[in-house]
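The values are calculated or read from the model by the stated rules, or taken from the named source; none is laboratory data. Keep in mind the model is a prediction, meaning the values are calculated, not measured. Here the Cβ is made from the backbone with ideal geometry for all residues, glycine too, and neighbour counts use every protein chain on show.
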């Protein structure tokens with residue numbers, strides 16, 4: 001099982017396919033297996049060398065209990081550590097939800113390591129106060145659950161969104177979650193304010209969101225501020241509720257990567 005090590009923290013990753021390197025980074029509660037579940041790997045691996053990464057605190061990456069270990073800049077450096085371990089000088093990046101937030105972190109902290117950014121389901125504005133109550137609710141719920149109860153609840157939520165039940169692989173990986181580590185993630189991984197840097201981003205960018213997502217309007221706003229950015233709308237979708245997204249997104253992804261290659 002491949003790992004990169006970043007300041008003593010092991011970061012698990014997997015590689016699929018051939019072509020230009022494209023990092024896939026999912027969000028909270030989701031190991032890298034989610035990209036398989038939602039058909040991103042099967043759709044994109046013939047065209048790209050996919051680098052799938054478990055965020056620290058998730059999947060088979062290390063799961064520290066110290067909230068300070070879940071700062072955005074540190075988690076961006078985890079992605080760079082994986083690229084270094086693979087000998088990849090530059091890559092394209094696709095991140096969703098909290099993985100999208102790391103995309104804005106890449107633009108701030110290490111843009112020289114990337115050709116382009118594809119950011120879904122996350123805006124760049126300071127939303128710490130607005131998200132505080134939600135985070136506290138999540139932490140309180142986790143403190144009352146076993147891992148099995150947590151995974152069952154997540155699977156029922158997926159089913160309620162008309163997504164398929166977890167595959168055996170996905171369920172087994174979800175059962176590796178450490179709820180104390182997830183709580184630490186929630187206490188620290190906050191929404192910093194990336195707004196001041198938006199008009200200085202020079203990387204080609206694609207932003208996307210479900211049209212019913214609470215992040216939809218601010219993401220549209222951000223796309224208008226980032227020079228040359230494009231925005232893709234996912235019809236009749238919320239934050240995370242449609243397994244057909246990759247069919248809609250794939251042409252946009254290919255167009256952006258081709259555009260980045262021509263600059």
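Within segment 190-232, being free of Cβ contacts under 8 Å to residues at least 40 places away in the same chain, in contact with a helix residue (DSSP H, G or I) (Cβ under 9 Å, 6 or more places away or on another chain) and surrounded by 15 or more Cβ atoms within 10 Å (Cβ to Cβ) holds for 226, 229, 230, 231, 232. One residue alone among 90, 108 is at pLDDT 95 or above, within 23 Å of residue 53 (Cβ to Cβ) and buried (at least 16 other Cβ atoms within 10 Å of the Cβ), and that residue is 108. Considering only residues in segment 235-262 that are modelled with pLDDT of 95 or more and crowded, with 18+ Cβ neighbours inside 10 Å, the one that is nearest to residue 162 (Cα to Cα) turns out to be 249.
Here is the figure for segment 15-46: residues that are in a helix (DSSP H, G or I) and free of Cβ contacts under 8 Å to residues at least 40 places away in the same chain total 3.
Take the residues in segment 120-160 that are more than 28 Å from residue 195 (Cα to Cα) and under 18 Å from the mean Cα position of the chain (by Cα); name whichever of them is modelled with the highest pLDDT. Per the criteria, the residue is 154.
If I filter segment 166-179 for residues that are within 17 Å of the chain's Cα centre (by Cα), surrounded by 12 or more Cβ atoms within 10 Å (Cβ to Cβ) and under 26 Å from residue 129 (Cα atoms), do I get at least one hit? For segment 166-179, residues within 17 Å of the chain's Cα centre (by Cα), surrounded by 12 or more Cβ atoms within 10 Å (Cβ to Cβ) and under 26 Å from residue 129 (Cα atoms): absent.
For residue 117, are the conditions met, namely being modelled with pLDDT of 95 or more, in a helix (DSSP H, G or I) and touching a helix residue (DSSP H, G or I) at 6+ places or on another chain (Cβ under 6 Å)? Spelling it out, it is not the case that residue 117 is modelled with pLDDT of 95 or more, in a helix (DSSP H, G or I) and touching a helix residue (DSSP H, G or I) at 6+ places or on another chain (Cβ under 6 Å).
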